[in-house]
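The values are calculated or read from the model by the stated rules, or taken from the named source; none is laboratory data. In this text, all values refer to a predicted model and were calculated from it rather than measured experimentally. Every residue, glycine among them, receives a Cβ derived from its backbone with ideal geometry; neighbour counts consider all protein chains shown. Keep in mind that these areas ignore ligands, DNA and RNA; they rest on the heavy atoms of the full protein, side chains included. Shrake-Rupley method; radii C 1.70, N 1.55, O 1.52, S 1.80 Å.
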Amino acid sequence: MKQHPTGVEEKITHLREQMALLDAQAQQLDQAYRQRLLPLLHAKWNQTGKQVRQAKQTLLRMDQALNEVEQWLSNTDHDLAAAQQALKTAQAQYPFLSRQVRELAAFLSKIKRETNINELIRLLKQDPQAKGAFLAHPVDVQTFRLFPLPNYGSGMNPFYTVLAIWVGCLLLVSVLSTDPSSFSEANERERYAGRLLTFWTLNALQAVVVTAGAAFILPNIFVREPGWFMTFSLLCGFVFMAVVFSLVSLFGNVGKAMAIVLLVLQIAGAGGTYPVELIPPFFQQLNPWLPFTYAIDVMREAVGGIVWENVEHDVKRLLLFAVAALLAGLLLKGPLNPWMRALKEKAAQSGLFH
């Protein structure tokens, strides 16, 4: 068999093709039997029952022999002799099986207009033990936890950490001014970059406080990689602060409203509380365009266990948001500033805004 593996595989393939052909013929016969209701079944059963039982037993033995051959071929070298013997047995039984099936097919073709074998087939197909086992255990579920977490709160930790960092950005732009009144000698881009560095510093402190509390202080919150958890939070704060600061710096109070609306959309569409597949279609389409989507995923890597391919993908997407926000702030700050200054003056004159 080592010297001629192709021949053995061809023989096995030929046997399986013959089995498939026989199975198709048997199915055709079964369909034909079910379409006839004839009263002579019980009269003919004593004559044909022995042949039917022999054919069924032969089919079972043939199937078992083929399965044993396949198992033996996959074992080590000392099983090759047994596999060869099983193959010879299968080959020896094939003519008998073919002859029995042909005789059975001829007999059934002869009596199909006289005999109703639908009830016989139904009885032969019943297996009380299999039915009982299925009713006792209709579904067997096996769970394999690749990244186990001890409790629900640990699983929700990435979402609420990312949410806290974004809210911290909103608080900073609400409390502190994005356009300093001093440094009049600096141009708009320089003032934008300088004030952004101040906001980044404060937001980094916020991110450290939030993540340190979750990783080291709260007793029931599990974080597998605390160091990377804090590092990823600083990255998220860097990206979020760039987006929020750019919106407020360019559009003023309108930018604050835009940042709040963006927060609401991200809570619903980032997949932080429910899988993306279960949220409405609108948010499924919006999901890839939200910073929260990738921030939550990268924080989950640190909580449950890091897969660096996923981290690389999420970090690249987050940096794209930061680069887009910074380019928008640097390029549009000068052109939009006169318009926004006039808008602020009108808003102040209305008495509705501070």
Exercise. Considering only region 146-186, how many residues are among the polar types (S, T, N, Q) and surrounded by 13 or more Cβ atoms within 10 Å (Cβ to Cβ)?
Worked result: 4
Seminar exercise, completed: Of those in region 17-41 that are open to solvent by 100 Å² or more (accessible area, probe 1.4 Å) and over 15 Å from PHE107 (Cα atoms), the residue modelled with the lowest pLDDT is LEU37
For this session: Restricting attention to helices (runs of 4 or more DSSP H) lying wholly within region 213-308, give those where 1 or more residues are open to solvent by less than 20 Å² (accessible area, probe 1.4 Å).
Result: 226-251, 253-269, 291-304
